[in-house]
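The values are calculated or read from the model by the stated rules, or taken from the named source; none is laboratory data. If you're wondering where the values come from, they're calculated on a predicted model, not measured in any experiment. Please note: Cβ atoms are built from the backbone with ideal geometry, for glycine as well, and neighbour counts cover all protein chains shown.
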Amino acid sequence: MKHDESLPMRPMTYVAIDTRALARNLRLVRTRLAERVRLMAVVKANAYGHGLKLAAHAFAEAGADWLGVSTLDEGIRLRQHGLQLPVLVFLPALDREVEPLVEHRLTGTVVACDQVPVYAEAARKLGHEAGVHVYTDAGLGRLGSDDSLPDLLTAAASYPRVTVTGVYTHFGPGGSGTMLEGLDALRPGASARAFGALAQNAVAGAGLGRVSVHCAASELLLSMPETHFDMVRAGTLLYGQLPPGAADDAPALQKTFELRSHIVAIHSLPKGSPVGYGGEFVTGRDSRIATVPVGLAHGLGVTPESLGRSLRQIAGSYLRRRRARRGISDRGPWGYVRGQQVPVVGRISMDQCCLDVTATDAQVGDEVALDTRRVTTSAAIPRIAVEL
């Protein structure tokens, strides 16, 4: 639709974030938890592309108990945005980062015994306690050290100004290197249940008091309630994305994110006309082609390398290019204009893409929604709270 003149002027290109949907999704996830289980809303990676400030405030107001981030910078930004909830920083801090982490009353992740005295010194210097969660590797192989969990907890317990408030690990989704089906024996291929027992025994052995044990992220949260322990970490669920293979009774999550822009030009091309660099798409009919100022720099058409490509996908890509030369575009990304789905045609360039709007009555100035991956959508694009 065209811009409503009664509304404040929005940017040419922006990301619409439905903060009400974010809050509703969190409340839906909360219904899957026992009353005693706390809920950490994970807002790392710019809140999975949604904008740290918008998402964190939505989750805090909806009743999140904790917030989780990857880096010290993200944690400090939460404090600058007025968030006072407990915040866990997942990545171990470098020595030079520990003092600002403690100063901003963030909770750090400790993976090695030699990190503990650095926290103790920062706490002594600042005059208040340093809160930490101890992380142990359970087969994913990304973080951890040669120090055992009992040794880590004993080291932390020996410094009076270092307070251990949590023990945790992380199991990746199915196919990521740790098996959610078997999960038996700690290191390698740890079981969530075995981890819970190990953590409780190690906490007791170190003489620590109340410590939160957590290992369940989105997939375990839905599939294995017995792994909820004291807290769960909800990430993709809060942003409307169910894990692969979710059960039929999975919560009815709501859409939270939409990249929007506007049509800046439309022109008519006869059948057989190339569109975009390389002429990879050729019109199969007399066509109306719309130009939208969104391209690779905005994240359109960008795929994370970690997704990989199978031989079947490579073959499919080749066949799609062949069909495009005959004017057939049957695979995304897609655009949506005046309530109709339209294909992105031609090679996406750095700052522009083309839509085939032949079957619509689209006009210059119309607003367009575009399919894009949230985490590859440029953080430089403004995020605006809009009800989707």
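Take the residues in the range 74-122 that are of a type in the set (Gly, Ala, Ser) and either crowded, with 22+ Cβ neighbours inside 10 Å or not assigned by TED's automatic domain parsing to the domain that holds residue 165 (or both); name whichever of them is nearest to residue 145 (Cα to Cα).
This residue is 93.
Looking at 26, 39, 54, 78 in this structure, which one is outside any helix (DSSP H, G or I) and not basic (Lys, Arg)?
After ruling out the rest, the residue left standing is 39.
Of all strands (runs of 3 or more DSSP E) completely enclosed by the range 258-369, which ones contain at least 2 residues that are polar (S, T, N, Q), modelled with pLDDT of 95 or more and under 23 Å from residue 16 (Cα atoms)?
Of the strands (runs of 3 or more DSSP E) lying wholly inside the range 258-369, those with at least 2 residues that are polar (S, T, N, Q), modelled with pLDDT of 95 or more and under 23 Å from residue 16 (Cα atoms) span 340-345.
Being surrounded by fewer than 20 Cβ atoms within 10 Å (Cβ to Cβ) and in contact with a helix residue (DSSP H, G or I) (Cβ under 7 Å, 6 or more places away or on another chain) is the filter; apply it to the range 254-274 and report the residue that is farthest from residue 24 (Cα to Cα).
Among residues in the range 254-274 that are surrounded by fewer than 20 Cβ atoms within 10 Å (Cβ to Cβ) and in contact with a helix residue (DSSP H, G or I) (Cβ under 7 Å, 6 or more places away or on another chain), the one farthest from residue 24 (Cα to Cα) is 255.
Out of contact with any Cys (no Cβ under 6 Å at 6 or more places or on another chain) and part of a helix (DSSP H, G or I): is that true of residue 61 in this structure?
So residue 61 passes the test.
All but one of (1) at pLDDT 95 or above; (2) surrounded by 24 or more Cβ atoms within 10 Å (Cβ to Cβ) hold for residue 171; which doesn't?
In the conditions (1) at pLDDT 95 or above; (2) surrounded by 24 or more Cβ atoms within 10 Å (Cβ to Cβ), residue 171 misses (1) alone.
Sort out which residues of the range 370-385 are among the charged types (D, E, K, R), modelled with pLDDT under 95 and not in a helix (DSSP H, G or I), and write them in order of number.
Hits for the range 370-385 are 371, 373.
Taking the range 141-162, which residues are outside any helix (DSSP H, G or I) and either at pLDDT 95 or above or within 14 Å of residue 121 (Cα to Cα) (or both)?
158, 159, 160, 161, 162 - these are the residues of the range 141-162 that are outside any helix (DSSP H, G or I) and either at pLDDT 95 or above or within 14 Å of residue 121 (Cα to Cα) (or both).
In this structure, is residue 216 under 27 Å from the mean Cα position of the chain (by Cα), at pLDDT below 90 and crowded, with 22+ Cβ neighbours inside 10 Å?
When the stated conditions are applied, residue 216 does not pass them.
Are any residues in the range 124-138 of a type in the set (Gly, Ala, Ser) and either surrounded by fewer than 22 Cβ atoms within 10 Å (Cβ to Cβ) or not assigned by TED's automatic domain parsing to the domain that holds residue 107 (or both), and if so, which ones?
The answer is 127, 131.
Pairs only if they're at least six apart or on different chains, beta carbon under 6 angstrom, first in the range 117-133 and in a loop (DSSP other than H, G, I, E, B), second buried (at least 21 other Cβ atoms within 10 Å of the Cβ) and not hydroxyl-bearing (Ser, Thr, Tyr); list them, first residue then second.
129/123
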